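Following: one structure in structure tokens, then a few remarks.
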Amino acid sequence: MSGCLLLTRQAADNQRLAARFAAEGVETCSVPLLELRPCEEGPVERQYMLDLDRYHAVVVVSPTAARLGLERLDRYWPQPPVGIDWLAVGAGTAQVLRDYGLAAQCPAQGQDSEALLAMPLWQAHFARPDLRVLIWRGEDGREHLADRIRAAGGTVHYLPLYARSAPESLPAELAAVAPRVDRLIVLSVQALSNWRAAAGAHWEQQRHWRCWVPSERIAAQAAAWGCTDVVTCRGADDAALVEAVLTGSSG
């Protein structure tokens, strides 16, 4: 492949990842497929943060959720409460929490809900009669994780921290770079949907671009929408994406 690799995260994340690829001789271009905006905090969400010390575990699903959640943590807790397992879906999210000073843990293998639930610490948590878990996330997602916790008798609350939408400029930005692109990275079903919608009449051509995704669930949706060259990475952090693109192997 000799075309440009399209990076589709937020601009700052794309810039950081582009530097990693440039060091490996990979040409990239940047078009964010999602626009993120912080959610307003209502009385219910405020109470979740005030009651943070009542939870046994906090699950953080993305670096954005980590950054926005930590802003609220600063607001309500001069010192983070003790006795909480801080769990991150991926290594990048865990690093944001660790940089703050929290002893965050993440799966050694895999970066999805299944990998998170396979961590040994859940055995003790699922044995609790009063398990309480708070999930820091966007407006939706991680229902499978919550279902598993509830099935074990636990209580789950969601703290929605950001909303996702398609940027208004996405169709024009995608059209501008498309002649140079033959591959891209897509990290969520919503981002995949936004790409497909923005491509419009050009989807028939673009669906043949090689597409790296971080999970089998996203890969299955991509295939259902007609993508013909989908590679599943070992995760969504920078290292996993760079490794997948350089090797072309699936995880």
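The values are calculated or read from the model by the stated rules, or taken from the named source; none is laboratory data. A quick note: this is a predicted structure, and the numbers were derived from the prediction, not measured. When we count neighbours, we look across all protein chains shown, and the Cβ atoms used for this are built from the backbone with ideal geometry, even at glycine. With ligands, DNA and RNA removed, areas are computed over all heavy atoms of the protein, side chains included. Shrake-Rupley method; radii C 1.70, N 1.55, O 1.52, S 1.80 Å.
Just to confirm the number: angle between the C-alpha axis of helix 11-23 and the first principal axis of the chain, 0 to 90 degrees, nearest 10? The two axes meet at around 60 degrees.
In the stretch 132-169, whose amide N lies under 12 Å from the spot 7 Å out along Cα-to-Cβ of Phe126? List them in ranges. Residues 148-154 qualify, since their backbone N sits under 12 Å from the label point. Which of Arg132, Arg196, Arg16 ends up with the largest GNM mean-square fluctuation for the chain, with Cα atoms connected below 10 Å? Of the options given, Arg16 has the highest mean-square fluctuation. Relative to the longest principal axis of the Cα atoms of the chain, the long axis of helix 189-199 makes an angle of roughly 30 degrees.
Were the residues from Glu139 through Ala23 laid out at 0.36 nm apart, the gain over their Cα-Cα distance would be 38.2 nm.
What accessible area per residue comes out for the chain, rounded to a whole number of Å², with a 1.4 Å probe?
Working: 11750 Å² over 251 residues.
About 47 Å² of surface per residue is accessible.
With an a/c value of 1.5 or above and a/b larger than b/c for the gyration tensor axes a ≥ b ≥ c computed over the alpha-carbon atoms, the stretch 161-251 is described as prolate. The stretch between Ala163 and Ala103 holds 18.9 nm of extra length on full extension. This uses 0.36 nm per residue minus the Cα-Cα distance. Between helix 63-76 and the chain there is an angle of about 30 degrees, using the helix long axis and the longest principal axis of the Cα atoms. Between the stretch 109-152 and the stretch 41-71, how many Å separate their Cα centres? The two parts, judged by their Cα centres, are 15 Å apart. Size descriptors for the stretch 1-119: radius of gyration and Dmax over Cα atoms are 17.0, 53 Å.
Rounded to the nearest 500, the 222 nm mean residue ellipticity of the chain from helices alone is -12000 deg cm²/dmol, with -39,500 (n - 2.57) taken per DSSP H run of at least 4 residues.
Using 0.36 nm times the number of residues separating Arg150 and Ala239, minus their current alpha carbon distance, what extension gain do you get? If you can, show how the numbers build up before the last one.
Values: separation 89, 0.36 × 89 = 32.04 nm, distance 3.28 nm.
That works out to 28.8 nm of additional length.
Highest GNM mean-square fluctuation among Trp86, Trp195, Trp225, for the chain modelled with Cα contacts below 10 Å: Trp225. Largest mean-square fluctuation among Val60, Val177, Val156, in a Gaussian network model of the chain whose springs join Cα atoms under 10 Å apart, belongs to Val177.
Convex hull volume per residue, computed on the Cα atoms of the chain, equals 124 Å³. Can you figure out the FRET efficiency of Met49 with Ala201, using R₀ = 35 Å and their beta-carbon distance, to the nearest 0.05? The computed FRET efficiency comes out at 0.15. For Thr228, the solvent-accessible surface computed with a 1.4 Å probe is close to 80 Å², ligands and nucleic acids excluded.
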